[in-house]
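Here's the structure, in structure tokens; my notes come after.
The values are calculated or read from the model by the stated rules, or taken from the named source; none is laboratory data. Small disclaimer: the values here were computed from a predicted structure and weren't measured. A quick note on method: Cβ atoms are made from the backbone with ideal geometry, for glycine too, and the neighbour counts reach across all protein chains shown.
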């Protein structure tokens, strides 16, 4: 066992320690001369830097670029160190800084500039937005352009860019100069709703088509009309309210879908609501006829922007007085036949309510039914209404009838 | 002693594998737990050593559950996929269980015949069938089976002291620990302790001539003799329990289960909740119930005394909340965390050898003789037939339970959902399945996309989930207020969780989604509706996680499988010899303690007969009360209850049968009327509570006032119904209410509407959407906004208009600040607004600041539930300022504006009117928004009311609304300074888009009312359409 421990111990001891490095010394007689350097090139060219290095050492060149530094080793020919930087590393336009060093000692620094390759313009980066604006000349879409060369470098400042703008059936050409590599232009809407199409070109290179929708501006006051089958308050037919073609302040038809609120004020002070959204500027609202005679004043609103004239319409009562029949013991109540404005049986579904009060006028129960074939039936069964005197109130289509009845036993039973 | 292979064991294995092995393909996937284990397995298959899984609960650690079974499925999934792994492990569990039961039987009885009977009965044990085929608790079954295997080894170690058995027993304990954490811990108490007692008993028995001479003194001596073996075993198994799943213990310590307990049926009072009694008591015990006296008679013999005690404990603990004893024994915390059905499971498994012994003695032993002598052989045969029939009945009944009362929704084809999530970078947002049941785990296993939900509730992390007793958001409707309330929080503020997509398999949730501002995106091929919320940012690239040290990850990834390998190599030799009989092995020690089965005491037979009679009478009484409960027309109350239950379950034919036959409404007519009524109550509600008051009862008539409480996804609805009842020929009937005979004016009519279509991406690309295809956000304008205090609660109210020319989907978020600009709370607008606005449409809105429910007062969770229950946020300081962020996005759905307000009648504090549907879509749930204005026509309050019936096309629907008293309302701040629209200040928009705004328009459309604290109101309508056409 001791043997193993010894071996293990040795292993552990020997495995510790530091590798000894001897730093290479910088020779004292080191001197450098720049033989050949480049100041400016066009993207796509190579750069060759030559130095005369005395001292028998091999320098390295550090090239700073936006993606990070690059290291280059020279081709040595006696004391002449030649660095050739391939074009692929310096396609991006801008200033490149280089440093020549030997063993961390800085020998020379310098820079060269890469210019965009103007003659090989291949495209224009464009952005156009917002995609929709309002008519009227206050609102605009911004066109932003960056013409680029084959290496995606923005072209030098002062490059002329021409903008074609198609609006209102005509094409306008605007020119602009790039600055800091780009150019932008605010393109304003006109008073007409529609579509603005633009494209740009420079050095015979053309961008794609871009578009911005010009939507109508704020609407202006409008008119409404109504349409109904008859003027009876039968609670069954539909009144249709319609606006005329709603326009904006420049005469454009408002966008489809614009919501119009129809506010209906009844003579009793309540406000009914219907709404419609426009198609080709026309909005339609529907509502049922009232069930009792009333006068309506209708106003339509595009809230905050526009409103209509007041349309007034009145409804006559559709139902005359109605008959009420009681059975012998007064327990079955037959309301009707209820007749309409031309003595027809009222359409099914007219609401009839029966309120039962005891002889002291205390409310007991309320029952409702809908008319069927003009008739409504109520059954006041003995198990719920013991024999006594009652007051009953019948209401239909706004007409109220009151009766004093004595409920008695069903003789048949 | 039998030489050669035990035929009974072979039969048991053969039948067991054939029966269970083939039926798991039809049952396992629809069990409660199996798919959860599958999800965990998928996690290990994809990232073995990384315990963090982002896919559930905004990230959770799988170190919260012992990994062995999951890892095994994971490994096997490399061969044939996850389900292959699942079924293979299932088969393994079956094999282990049957052999485990055999060895346990052998150990207990020392008789191979009895052990063989035990194995066969184990195959048909209803508790095993339930655990495997209904609950799908694979880890629990595996762990228990291995525990049974280990018992023989432990016995032999304690008895003989041979070191080999020490290692075999520990190796099996280690496997048990890594497959399930609860089993070894409680197994120690309930299985190993009695086993130790039995060993000591056996050793003592060796010292004396008979059990009569076995005194406590002898027992004590033997105990001292074995003391060090027991201690060494106990000590090392404790070490194994701790170290094998050390990361699990550390995780439990770090993230203690602080959540509100989730109700579990096994804690119910089984007499009150009979369904729980059936599932957690009747089924597991099954036929064993009839032979309980025999079981206890045998367990309380001297050798099994400790098993008897353990058995008694388990039986009592398994009764859940039926008696107060389990709660007292376990304490509040343990009682609420543990599911008590496992005690019953252990009890029934423990009883198997005794049952096997009983079967043996009944079929070919002394009981048979005794009965034959006493009652004749015919009776013996009848009794045997009864028992065999009972076993078969329980097997078939248990197996069919999942068929007749499925615990899961129909099997969902996940492929379309998986494809949807993979498309178009949809998995950069979280999703939420609704109504998937436990199948959500299977969906999660198939996709990388993440959900806020999850299916392992101990791992829940968000306080929104842990403070409420819900298992999953997915089935929140079954958890009442807590469920729906939690879900509402997620749906209202989805951007907090980057939740953008919802897969809805249950239309119950649809209204809630709609009114929280979600929109339908598309219906997938499998019928699942995808809902989408606009303006939700995608998830950040880097998500937070709770990292654990590397050693913990390595332990977790290696130890479980190592325990299996080690156990395999240690035990394989013995197994090999036993199976192939290649070498003669000495007879194990426990064979010595075989009792001779002769002279069965007659008194036990009598007692057992009496007991069986009692059980039968109890069962009969149960059936009788069940029948009486269903005798629906015996009293007015019964008929009303039955009628509403029938309506609740949409059994319209049954409901119709309770209507008065003399006022005959034909069933066809009735069905027609019921089927055409739509609305929140008829389509989206569940009857929660009902109270019936019978008035004016006479001999043949009565009036009933029925107070009903309905749970809907939106709010709790209270409704009072009045019914007239008649008694005819002894049965009570309900008189049908009057029918609405209203007919719409037009048979056919036309409607024009503007429709919108958004291409999404016009350019087909895998990249982000091209900037040209990104629509401009519609411009909104905040017309007014106020911070108000009403009834002690802060709200931000206001009005907003879509001033763009495009329809907009609107999201509003408000943040409250105090005087020192300290943020106090933020929340989104829920359903107090119209989320979809046409151009130039206005909406009022209200934002309530909701806290996380009951996070402060845990003990005051209300007993009944209300989804609308609102927990106001606890603000530390007085809010004085607010910030409003509104965002518009182009909307092209849910733009129906056909609802109109018609024939209003305004009383002092109430408005009665009708809604009329003038368009061509059927409105399922109308929402009425009421805005209150003061005498200067300035907004002071916003309120809402869901109208409970839908409005069909060209029809009227009456409604009524009670005005609130807002005199006590206080306006704190009404500055529009901090209102922003699409990130831009509201003021600049107001000046630019509608420079000449007609301020008076809003005021002119208001309804004058003489109210408390207000002079005008405005009504707005929002309509949910259940089935857009």
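Quick notes on this one:
- Candidates in the stretch A:246-257 are the residues that are crowded, with 24+ Cβ neighbours inside 10 Å and more than 9 Å from chain B (Cβ to nearest Cβ); of these, the one that is farthest from residue A:295 (Cα to Cα) is A:248.
- Failed criterion for residue A:322 (all others in (1) crowded, with 19+ Cβ neighbours inside 10 Å; (2) assigned to a loop (DSSP other than H, G, I, E, B); (3) within 14 Å of another protein chain (Cβ to nearest Cβ) hold): (3)
- Hits in the stretch A:169-194 - residues which are surrounded by 14 or more Cβ atoms within 10 Å (Cβ to Cβ) and outside any strand (DSSP E or B): A:178, A:181, A:189, A:190, A:191, A:192, A:193
- Failed condition for residue A:316, given (1) crowded, with 18+ Cβ neighbours inside 10 Å; (2) within 53 Å of the chain's Cα centre (by Cα): (1)
- The set of residues from the stretch A:126-150 being assigned to a loop (DSSP other than H, G, I, E, B) and surrounded by fewer than 19 Cβ atoms within 10 Å (Cβ to Cβ) comprises A:130, A:131, A:137, A:138, A:150.
- Those residues of the stretch B:981-1003 which are more than 7 Å from every other protein chain (Cβ to nearest Cβ) and either crowded, with 20+ Cβ neighbours inside 10 Å or in a helix (DSSP H, G or I) (or both), in sequence order: B:981, B:986, B:987, B:988, B:989, B:990, B:991, B:992, B:993, B:1000, B:1003
- Verdict on residue A:367 being within 11 Å of chain B (Cβ to nearest Cβ) and either free of Cβ contacts under 8 Å to residues at least 24 places away in the same chain or not in a loop (DSSP other than H, G, I, E, B) (or both): yes
- Subset of the stretch B:894-940 (residues that are under 23 Å from residue B:683 (Cα atoms) and assigned to a loop (DSSP other than H, G, I, E, B)): B:894, B:895, B:896, B:897, B:898, B:918, B:919, B:920, B:921, B:922, B:924
- The stretch B:445-539 holds helices (runs of 4 or more DSSP H) entirely within its bounds, and those carrying 3 or more residues that are in contact with a strand residue (DSSP E or B) (Cβ under 8 Å, 6 or more places away or on another chain) map to B:480-492, B:510-515.
- Single residue of the stretch A:342-364 satisfying the filter (outside any loop (DSSP other than H, G, I, E, B) and closer than 23 Å to residue B:744 by Cα) that is nearest to the chain's Cα centre (by Cα): A:351
- Counting only strands (runs of 3 or more DSSP E) wholly contained in the stretch B:684-771, the ones carrying 1 or more residues that are modelled with pLDDT under 80 and more than 14 Å from every other protein chain (Cβ to nearest Cβ) occupy B:686-695, B:701-711, B:716-728.
- Residues located in the stretch A:66-119, provided they are surrounded by 12 or more Cβ atoms within 10 Å (Cβ to Cβ) and at pLDDT below 85: A:79, A:103
- As a summary of the residue check, residue A:386 satisfies the conditions (1) surrounded by 14 or more Cβ atoms within 10 Å (Cβ to Cβ); (2) within 10 Å of another protein chain (Cβ to nearest Cβ) except for the one numbered (1).
- Every residue from the stretch A:214-240 that is within 11 Å of another protein chain (Cβ to nearest Cβ), surrounded by 18 or more Cβ atoms within 10 Å (Cβ to Cβ) and within 24 Å of residue B:842 (Cα to Cα): A:214, A:215, A:216, A:217, A:218, A:219
- Which numbered condition residue B:363 fails, given (1) farther than 23 Å from residue B:141 by Cα; (2) free of Cβ contacts under 8 Å to residues at least 12 places away in the same chain: (2)
- Checking residue A:243 against (1) crowded, with 22+ Cβ neighbours inside 10 Å; (2) within 11 Å of chain B (Cβ to nearest Cβ); (3) at pLDDT 90 or above, the condition it does not meet: (2)
- As for the stretch B:962-969, it holds no residue that is without any contact (Cβ under 8 Å) to a residue 60 or more places away in the chain, within 11 Å of chain A (Cβ to nearest Cβ) and surrounded by fewer than 17 Cβ atoms within 10 Å (Cβ to Cβ).
- The residues in the stretch B:540-553 that are in a loop (DSSP other than H, G, I, E, B) and touching a residue at least 60 places away in the same chain (Cβ under 8 Å) can be counted, and the count is 6.
- Entirely in the stretch A:260-311, the strands (runs of 3 or more DSSP E) that have 2 or more residues that are more than 7 Å from every other protein chain (Cβ to nearest Cβ), in contact with a strand residue (DSSP E or B) (Cβ under 7 Å, 6 or more places away or on another chain) and surrounded by fewer than 22 Cβ atoms within 10 Å (Cβ to Cβ): A:294-302
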